[in-house]
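Below: the structure, in structure tokens.
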Amino acid sequence: MFRSAGLRLAAVSALFLLPVTAQTNRAVPREPLPPILTPWEIKPTTNDNAPFPGHKVIGNVYYVGTADYASFLITSEQGHILINPDFEDSVDIIRASVEKLGFKFRDIKILLISHAHGDHCAGLAKAKEMTGAQVMVMDADVPAIEHPPTGRGAYPSVPVSRVLHDKDEVKLGGNTLVAHLTPGHTKGNTSWAFKTTEGGKNYDVVVVGSIGVNNARDLVNNPAYPNMVEDYQKSFRVLKALPCDIYLASHGKMYGLNEKYPKLTAGGPNPFVDPEGYKAHIQLLERAFYYKLDWAMRQ
């Protein structure tokens, strides 16, 4: 059963390697893919913006986010980098976590995001005002930061200090973060890769932006993002090629925060060292993507 499903997925992925403009006129496959949903789609989380204990992940990498909106602090003697200030009302929660861990919020020198959706970037303006930090954003997401949507989902605009491009490096105090463009979820969706050290050993860290599909209908006949399918496919290729010992993500539920954190506090091996979990996460999201694409082509 699983083998036939895998072959079916491979056939569908080969079909959709064609340009999206050509896909609209192709015959729809006769047999639909079996449903593939992520655990958080099957059972949505609640109170995602509630406080969560700040904690050391590994080396100089700390979790300072909320119950699900993930924020990471990468520290150094010369100042700190914050990935994802989340919502405006998340910022005070993040600051409390940073300070409880023994760091000063005003020592944050660089603000980064995973992608330009409000649950990860709406707090940029407030965090910048509180810290004076530089705001660095992938080029394709800059318009959504400097000229954000109005009405529902609106958030304050903020000027971008540095426009990033694929594989640009962000450096501070001995830390070098590489911005990998992994588009699809947004046009400028960014996954961050860097190294940290603990116990004399180097670890490869990847903070996955997001490679989930929020609305399957957006995958086809989408004039606002006509090459979305190809972008997702590119992102899966990029992420599969990244070396990863510690995988993190823009949402805690995407890397098992609630399951791993109790193990961290109980002692023993660091549960965030999870290279196989990274591979499984990418595989699951890729399968879910092709299921949603297959479904959208039938509508």
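Just so it is clear, none of the values below were taken in a lab; they were calculated from the coordinates. Everything quoted here is computed from the prediction, not taken from an experiment. Methodologically, a virtual Cβ is constructed for each residue, glycine included, from the backbone with ideal geometry; neighbour enumeration extends over all protein chains shown.
Okay, here's what the table says:
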| read-out | value |
| --- | --- |
| Complete set of residues in the range 249-278 that are free of Cβ contacts under 8 Å to residues at least 24 places away in the same chain and under 15 Å from the mean Cα position of the chain (by Cα) | GLY256 |
| Evaluation of ARG106 against (1) part of a loop (DSSP other than H, G, I, E, B); (2) surrounded by fewer than 22 Cβ atoms within 10 Å (Cβ to Cβ) (one fails), failing number | (1) |
| Failed item, numbered, when ALA288 is tested on (1) under 15 Å from TYR63 (Cα atoms); (2) touching a Gly at 6+ places or on another chain (Cβ under 8 Å); (3) not aromatic (Phe, Trp, Tyr) | (1) |
| Of residues in the range 261-299 being of a type in the set (Asp, Glu) and over 25 Å from LYS195 (Cβ atoms), the one surrounded by the most Cβ atoms within 10 Å (Cβ to Cβ) | ASP294 |
| Positions within the range 82-114 being more than 13 Å from LEU124 (Cα to Cα) and of a type in the set (Val, Ile, Thr), in sequence order | ILE93, VAL98 |
| Residue tally, condition in contact (Cβ under 8 Å) with a residue 40 or more places away in the chain and in a strand (DSSP E or B), over the range 67-76 | 3 |
| The range 193-213 - residue that is more than 19 Å from ASN84 (Cα to Cα) and out of contact with any Gly (no Cβ under 7 Å at 6 or more places or on another chain) and, of those, surrounded by the most Cβ atoms within 10 Å (Cβ to Cβ) | VAL213 |
| Failed criterion for ALA116 (all others in (1) among the hydrophobic types (A, V, I, L, M, F, W, C); (2) in a loop (DSSP other than H, G, I, E, B); (3) without any contact (Cβ under 8 Å) to a residue 40 or more places away in the chain hold) | (3) |
| Residues of the range 185-199 classified as without any contact (Cβ under 8 Å) to a residue 60 or more places away in the chain and assigned to a loop (DSSP other than H, G, I, E, B), total | 2 |
| Of all residues in the range 215-255 being exposed (fewer than 15 other Cβ atoms within 10 Å of the Cβ) and among the hydrophobic types (A, V, I, L, M, F, W, C), the one that is farthest from VAL61 (Cα to Cα) | ALA224 |
| Total residues in the range 132-180, condition within 17 Å of the chain's Cα centre (by Cα), free of Cβ contacts under 8 Å to residues at least 40 places away in the same chain, within 22 Å of TYR225 (Cα to Cα) and part of a strand (DSSP E or B) | 1 |
| Every residue from the range 228-274 that is assigned to a helix (DSSP H, G or I) and of a type in the set (A, V, I, L, M, F, W, C) | MET228, VAL229, PHE236, VAL238, LEU239, ALA241, MET254, LEU257, LEU264 |
| Positions within the range 82-92 being crowded, with 23+ Cβ neighbours inside 10 Å and not in a loop (DSSP other than H, G, I, E, B), in sequence order | LEU82, ILE83, SER90, VAL91 |
